[in-house]
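This report concerns only the one structure given below.
The values are calculated or read from the model by the stated rules, or taken from the named source; none is laboratory data. If you're wondering where the values come from, they're calculated on a predicted model, not measured in any experiment. As a convention, Cβ positions derive from the backbone with ideal geometry for all residues, glycine included, and neighbour counts pool all protein chains shown. Side chains are part of the model used for accessible areas, which takes the heavy atoms of the whole protein and leaves out ligands, DNA and RNA. Shrake-Rupley method; radii C 1.70, N 1.55, O 1.52, S 1.80 Å.
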Amino acid sequence: MEILENKEQWSADYQKSWVPNRQATGKSDWSIYQKPKNNKAPGRPGITLSQSRLMLISSAGGYLPASQQPFDAPSPYGDYTLRTFPSDISFEFLAYAHDHYPHEMIDQDAQVALPLGHLAELVNAGSIGSLTPSVASFMGYQPDAARVVDKLVPKIVALAKQEAAEAALLAPL
């Protein structure tokens with residue numbers, strides 16, 4: 001099953017309408033943006049979460065400023081790269097590069113975007129089997145859905161396979 005149905009047509013429409021308008025005006029006109037639509041949701045059979053390893057995937061733009069480059073937050077076309085950091089990290093070691101949401105709440109309590117403490121509690125309670133060693137992190141502002149499917153999703157899937165994830169939780173912003 002396709003992740004994005006009619007990806008080539010969607011991409012052609014995006015390149016013919018939204019991108020040229022953005023280039024000409026310097027503004028993102030979301031009224032002309034064609035939202036991707038699928039008729040069928042991709043999926044797999046359910047699992048028993050209490051016996052499974054879960055990967056947290058975050059679109060908050062979290063990264064390790066001591067060792068990783070920040071995401072290209074100001075880009076009007078998005079940043080389609082991936083960062084990882086340990087799932088048991090202390091929030092003081094993280095920064096967020098994402099210009100498309102207000103940071104006040106995440107600055108007050110990082111768990112609004114990265115519920116790592118809550119997930120650890122669920123592991124301790126036996127509701128989740130375990131967490132993967134790493135969190136997959138990306139900047140959620142990505143207007144090119146085809147590029148997400150072609151560039152970002154394969155990196156997340158490869159990381160999930162490498163860390164033997166059987167389930168994933170996307171914490172979007």
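For the range 76-94, which positions are surrounded by 13 or more Cβ atoms within 10 Å (Cβ to Cβ) and not aromatic (F, W, Y)?
Result: P76, G78, D79, T81, L82, R83, T84, P86, S87, I89, L94.
Restricting attention to the range 114-166, and to residues there that are open to solvent by 40 Å² or more (accessible area, probe 1.4 Å) and among the charged types (D, E, K, R), which single residue is farthest from S52 (Cα to Cα)?
R147
For the range 1-54, enumerate the residues that are open to solvent by 80 Å² or more (accessible area, probe 1.4 Å) and in contact with a helix residue (DSSP H, G or I) (Cβ under 6 Å, 6 or more places away or on another chain).
Selection gives I3, Q34.
Taking S67 as the residue in question, decide whether it is surrounded by 20 or more Cβ atoms within 10 Å (Cβ to Cβ) and at pLDDT 95 or above.
It is false that S67 is surrounded by 20 or more Cβ atoms within 10 Å (Cβ to Cβ) and at pLDDT 95 or above.
Of all residues in the range 68-95, count the ones that are closer than 15 Å to S134 by Cα and not charged (D, E, K, R).
11
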